[in-house]
1. Over segment 41-89, give the accessible area per residue in Å² for a 1.4 Å probe, as an integer.
2. Could you calculate the FRET efficiency of K26 with K498 from 1/(1 + (r/R0)^6), where r is the beta carbon distance between them and R0 is 56 Å, rounded to 0.05?
3. What fraction of the Cα pairs in segment 67-208, stated in percent, has a spacing above 28 angstrom?
4. Highest first, please rank the peptides 181-189, 52-60, 311-319 by the mean number of other Cβ atoms sitting within 10 Å of their residues.
5. Along Cα→Cβ, 7 Å out, is where each label goes; now give me the distance between the ones at E116 and Q319 in nm to one decimal.
6. Divide, for segment 225-337, the radius of gyration over alpha carbons by 2.2 N^0.38 Å, where N is the residue count.
7. How much accessible area per residue does segment 621-680 have, in Å², with a 1.4 Å probe?
8. Quick one: length gained pulling C727 to L442 fully straight, 0.36 nm per residue minus the C-alpha distance?
Amino acid sequence: RKSRMPISKRYVHKLLDKFVKVWSEKHGRYTSLLQNVEVPFGGQTVVVGDTHGQLEDVLTIFLAHGTPSSRNRYIFNGDIADRGPNACEIFMLLFAFFIEDPDCLIITRGNHEDEEMNKLSSEEGGGFHEEVLQKYTGGIFMKFEAIYKMLPLAAIVHKELFVVHGGLARNSKSNLNTSFIRDIDAGIVSCPHGGCYPLCLEEQVFQDLLWSDPQEKLGWEANPRGAGIKWGPDLTAAFLKRTGLKWIIRSHQLPEDKRGFSTHHLGLVYTLFSASNYCGTAGNKGGVCLLELRYNSANEEGTRLVARFEEHYAPALEQGKLLEISQLPDIAARKLALEEAGVARATEDIQKVGQRQERAILHRMAGKVVELRSELWDDFRRCDEKRTGKVSFLNWCDILTSVCGENFPWSLGGELWGIAHEAPPGEGATRGTREVDYKRFLRRFDVAVNKEKWVGWKTILMRDAYEALYCRDADLKATLALFDPERTGRVSVQNFLKVLQSEVCLDGGDSPQRTAQQMLSASQLQSLAHGLFPPDEGDEDTDLSVHEFFERFTVIYRQAKAMTGDDTLADWRDTLRYLGHLLLKQDKRASATISSLPTVSRVKTSASTHSRKTLLQVQRLAHQFETGDESGSGLLTRQELVDCLKGLEGIEGVMHKGHPVSEEDLHELAVKLDLLSGRETGQVNLFSFLEAFVVERPTGQEFDAAEEFMCEHILSFLYRNRHAVCCGCHEADVALSGRIRCSAFAEVLRGIDISLAKNRRTFTDVQIDGLAEALGEEDGTFSYFELLQALIVRDSEKSGSF
């Protein structure tokens with residue numbers, strides 16, 4: 001097997017089941033949440049703090065201090081899960097040692113041995129749920145979840161050391177004792193989930209033991225983490241006196257000064273953290289505590305517990321150094337080699353950690369901007385009373401801090417992003433004042449999917465959006481009047497939105513009738529408008545010439561149909577391209593026609609500048625449409641279209657499916673163009689005509705730019721609500737396979753969307769069903785885990801994602 005392949009899930013199931021059986025035989029399933037641990041005389045007990053999925057640290061510790069055995073016992077003090085990539089392997093390694101020798105180790109529970117924490121993304125502090133689903137199945141995650149409930153909350157070593165993941169409970173000064181902790185029934189009581197207030201004293205103590213942090217101030221106060229408390233030295237002293245214990249080891253917190261351990265409360269409390277270079281950005285050492293029994297002096301009988309803290313910096317797994325060191329004959333040689341390898345990696349990481357930290361913090365800040373884009377826009381607009389599109393850099397920092405939180409270095413972020421520029425001299429601007437183009441800034445960060453398999457559904461939504469225009473089967477004059485009621489030759493954003501928001505039915509025949517408002521929410525209409533009418537250097541109301549508007553619509557719609565595999569003209573495309581060239585060549589009066597039309601200027605868009613040549617082709621095709629309309633109805637009958645095409649000079653050289661195009665072929669084409677509008681009328685409208693015969697079109701980049709303006713809002717919705725979407729899908733995923741039916745996903749999205757305020761609604765019911773249907777594979781299901789994992793925040797002014 002490849003070295004990076006996970007263990008077969010068949011063996012994982014067996015291992016987890018065996019661990020549960022052996023643990024239950026040794027400790028009982030839920031009999032005690034407080035375990036007594038003895039230090040073997042002549043051996044040692046090693047206390048390990050947070051490892052958070054960093055397998056290299058666990059292997060380093062085993063190589064330096066020996067593997068678990070009855071004479072070399074280990075206490076893993078919680079937080080094995082989340083953040084790092086290899087928590088599965090750490091758990092299974094420990095379970096295997098325990099099965100071999102049940103006296104060799106104890107695992108206490110941390111705040112991350114919790115289902116709700118695991119379901120958060122790794123960036124939000126979770127990630128174990130994602131790891132398990134990526135490697136195995138939801139059924140295996142459920143077994144891990146059941147094992148959590150068997151783990152003790154704390155351990156007492158040699159009747160003097162209290163080992164707990166978080167810290168003391170708020171009632172430690174008054175009445176908390178070890179008997180109370182021991183008697184908590186883990187089969188009934190559990191740690192309250194985030195945002196839930198504990199329902200009883202047992203739940204309160206449960207939560208505090210996992211979440212609390214020490215402080216040097218007397219008493220206790222609420223913990224900024226949102227769970228547990230910050231407890232002072234008076235609570236420590238009272239608890240130790242009441243219980244007869246002497247000191248406390250806890251974990252849960254990265255020590256200061258990049259150490260692997262730290263002390264509190266005059267040396268009565270130690271924080272122990274074992275994950276070196278935490279999350280690849282902290283640059284810290286990891287630590288362990290080695291406990292041994294030694295005889296007392298000649299004047300005293302018995303033994304005493306001696307503690308020694310050691311630190312390490314683990315070599316990277318990928319370098320293969322750990323495997324090389326494991327071949328050395330004794331622990332002393334391994335320790336020396338590990339120290340040298342750790343120093344080498346630490347030196348290398350010093351150069352990289354700063355860059356990693358910078359990228360990580362900028363990524364989190366960009367994610368906040370994406371999540372709170374609407375609120376930021378409102379505050380920027382209130383600050384920008386003159387509608388210049390700019391605010392001062394100081395105001396920008398204040399707004400970002402107010403809306404997104406003060407826990408981020410917004411001023412530094414602004415400098416690194418390079419968004420501030422010196423304001424031009426003018427009214428109200430002093431020399432040296434810097435300003436930020438907030439419209440450009442808010443457009444800078446978007447959400448994308450990093451896997452090609454998810455790109456198709458975006459185009460389906462684009463297709464539906466443009467069908468809100470396409471399905472209006474109006475004649476030529478009515479179509480022009482619809483978008484250009486004042487006959488200026490241009491289409492404005494306001495008129496475009498009015499058309500889409502009108503109560504015009506989109507489907508005919510026996511199909512349920514839908515309006516544009518049913519197909520598109522208000523926020524999506526605005527997004528679509530930005531896609532079609534890109535701003536031109538601060539001009540918020542840029543409009544388009546009528547022909548440019550039709551040209552953009554036609555090309556984007558055509559490509560959307562092709563990308564979704566729903567192009568009814570797919571087998572005609574080569575033939576249509578030749579027919580389009582002949583139609584353009586046929587227009588003998590092009591010069592006179594163009595000179596009488598409104599002036600066509602070069603219009604700058606987000607991707608390129610539309611050329612006069614391209615727009616002239618749209619105008620020529622429109623003129624050919626008018627010429628073929630002998631009845632003057634503004635529509636072409638099928639026969640009028642056939643006659644128009646039959647009369648083209650050079651038609652005899654056009655091929656279709658390997659033979660010269662015949663009159664019968666042209667009648668078939670006329671039927672297809674008639675049906676493009678969604679119903680059979682015997683006529684062809686201008687949109688159908690342009691969709692078929694436009695020859696030159698914007699580049700693929702042009703299409704992508706317009707498409708992304710529309711779809712980014714949809715992806716932002718999924719990104720902002722990814723945790724809620726994941727939890728909803730998890731509830732619908734009874735087998736925890738990581739897959740659900742498309743109909744179930746639609747219900748999850750509908751529930752989340754309805755729960756939002758009306759002005760924040762993103763999806764309409766039609767789009768929710770369409771999106772869910774588009775995601776489905778052949779069996780009607782899809783991997784919601786893979787979809788949510790594929791969402792990434794992207795900096796449009798730099799290549800790639802963060």
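The values are calculated or read from the model by the stated rules, or taken from the named source; none is laboratory data. Quantities reported herein were computed from a predicted structural model and do not represent experimental measurements. A quick note on method: Cβ atoms are made from the backbone with ideal geometry, for glycine too, and the neighbour counts reach across all protein chains shown. Calculation scope for accessible area: heavy atoms of the full protein, side chains included, ligands and nucleic acids excluded. Shrake-Rupley method; radii C 1.70, N 1.55, O 1.52, S 1.80 Å.
1. Numbers: 1080 Å² over 49 residues.
Roughly 22 Å² per residue, with all protein chains present.
2. After rounding to 0.05, the efficiency reads 0.15.
3. Working: 2148 of 10011 pairs.
Everything past 28 Å amounts to 21 percent.
4. Numbers: 181-189: 16.0, 52-60: 25.1, 311-319: 19.3.
By packing density, highest mean first, the sequence is 52-60, 311-319, 181-189.
5. Once both label points are built, they end up 4.0 nm from each other.
6. Numbers: Rg = 18.2 Å, N = 113, 2.2 N^0.38 = 13.3 Å.
Ratio of Cα Rg to 2.2 N^0.38 Å: 1.37.
7. Working: 2870 Å² over 60 residues.
Result: 48 Å² of accessible area for each residue.
8. On the way: separation 285, 0.36 × 285 = 102.60 nm, distance 2.88 nm.
Additional length available on full extension: 99.7 nm.
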